[in-house]
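The values are calculated or read from the model by the stated rules, or taken from the named source; none is laboratory data. What you are looking at is a predicted structure, and each value in this text was computed from that prediction instead of being measured. Here the Cβ positions follow ideal geometry from the backbone for every residue, glycine too, while neighbour counts run over all protein chains shown.
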Amino acid sequence: MINLADLEAAIRTALPVSHLEIEDQSSGCGESYAIVLVSEAFDGKNTLSRHRFVNDLLKAQIAQMHAFSQKTFTPKQYEDYLAKQC
Amino acid sequence: MSNYHEVTSPSHFQQLLSSDLNRVSVLNFWAEWAEPCKQMNAVTVELANKYPSVLFLQIEAEAQSDISESFDIESVPSLILLRGHTLLQRISGADAPALTTAVAKFASSPSINPLSRTDLPPAKASNAVIEVADPSEDLESRMTRLMNQSKVVLFMKGSPDAPRCGFSRRMTGLLRDQKVDFTHFDILSDEGVRQGLKKRNDWPTFPQLIVNGEFVGGLDIVQEMVENGEFVETLAV
């Protein structure tokens, strides 16, 4: 069981965060999380390397979850993504 | 009586049997000089009358030696019960009660009934590449070969038409939506490859998508790549 605040803290200390959303998909049980992470640190990294980076960063926490999914963006990509949503 | 015949030749025999392969037949191997055969012959006539759906074939054992040999007949009378070409029972000797019981039993059991029926056309052939196991191939080489078996290879649980996990199912759906040609490998069928690929690709889960022999990602990653345009780029190589 992983605490949402702990998860957030781990992310924020490791890289510059423009935008972060964390959703507990296990209805409050802390066993399954989905995150949206926007950071300029992702610039120049392809999708696989971004995911690997996050998986590595949160290795200890992910090991205690049943499921973990992530969406990653650079700040520019996130702007474009939001524009498309309208 | 149309269900009672004296067999005159092997081809006559085949013709009679093949006319209905669901039908039970009683083959009565007999000989003129063997007294007990008279009794069994009488019994078969009686049974033929009683069970019109059963085929009764009188086979003079010595005259039809080819047929006798093919059934390993060593003595007369001998009775063979078949359904189509399937052997149901052999009876050696003039055992009238055994024959009567056997005919009663098999004549009343249903002929082949399908367990299910469908109107659907046959499923499209699977994309799995047929493998020939080579014992000398070690796991590393095997994984390399599998990852290169086609431009796009999906390592998944189950198969595209019968996925065994939600993530594998969604990945298949995504690839089909993107109109990508791919082959697959069912990692549930091979524990060595399953564990080996996790280490090799440094990725803990399945499905795993491989393009041009290189690991691209799992479901999340491929989904993201589709959304940000990276997927099309990867395939264009």
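Points worth noting:
- With respect to (1) more than 11 Å from chain B (Cβ to nearest Cβ); (2) modelled with pLDDT under 90; (3) within 22 Å of B:GLU233 (Cβ to Cβ), the lone exception for A:LYS84 is condition (1).
- Sole exception among (1) within 13 Å of chain A (Cβ to nearest Cβ); (2) touching a helix residue (DSSP H, G or I) at 6+ places or on another chain (Cβ under 8 Å) for B:PHE185, by number: (1)
- Within region A:28-81, the residues that satisfy the criterion of being farther than 24 Å from B:LYS199 by Cα and part of a helix (DSSP H, G or I) are A:GLU40, A:ALA41, A:PHE42, A:PRO75, A:LYS76, A:GLN77, A:TYR78, A:GLU79, A:ASP80, A:TYR81.
- For the condition within 14 Å of chain A (Cβ to nearest Cβ), buried (at least 19 other Cβ atoms within 10 Å of the Cβ) and part of a loop (DSSP other than H, G, I, E, B), B:PHE231 does not qualify.
- Only residues that are under 19 Å from B:THR8 (Cα atoms) and outside any helix (DSSP H, G or I) were counted across region B:22-46, and they come to 9.
- Restricting region A:27-44 to residues that are more than 18 Å from A:LEU4 (Cβ to Cβ) and among the charged types (D, E, K, R) leaves a set whose member that is nearest to the other protein chains (Cβ to nearest Cβ) is A:ASP43.
- Residue-level analysis places B:ASN49 outside the set of residues that are assigned to a strand (DSSP E or B), assigned by TED's automatic domain parsing to the domain that holds B:ASP95 and without any contact (Cβ under 8 Å) to a residue 60 or more places away in the chain.
- Restricting region A:45-81 to residues that are at the interface with another protein chain (Cβ under 9 Å from one of its Cβ atoms) and more than 13 Å from the chain's Cα centre (by Cα) leaves a set whose member that is surrounded by the fewest Cβ atoms within 10 Å (Cβ to Cβ) is A:ASP80.
- Qualifying residue in region B:57-65 (condition: in the same structural domain as B:ALA96 (by TED's automatic domain parsing), at positive phi and without any contact (Cβ under 8 Å) to a residue 24 or more places away in the chain): no
- Candidate set: region B:144-201, residues that are within 19 Å of B:ALA123 (Cα to Cα) and hydroxyl-bearing (Ser, Thr, Tyr); chosen: the one surrounded by the fewest Cβ atoms within 10 Å (Cβ to Cβ): B:THR183
- The condition (being polar (S, T, N, Q) and modelled with pLDDT of 90 or more) is satisfied by just one residue among B:SER92, B:SER116, B:SER111: B:SER92.
- Every residue from region B:161-192 that is of a type in the set (A, V, I, L, M, F, W, C), assigned to a helix (DSSP H, G or I) and in contact with a strand residue (DSSP E or B) (Cβ under 9 Å, 6 or more places away or on another chain): B:PHE167, B:MET171, B:LEU175, B:ILE187, B:LEU188
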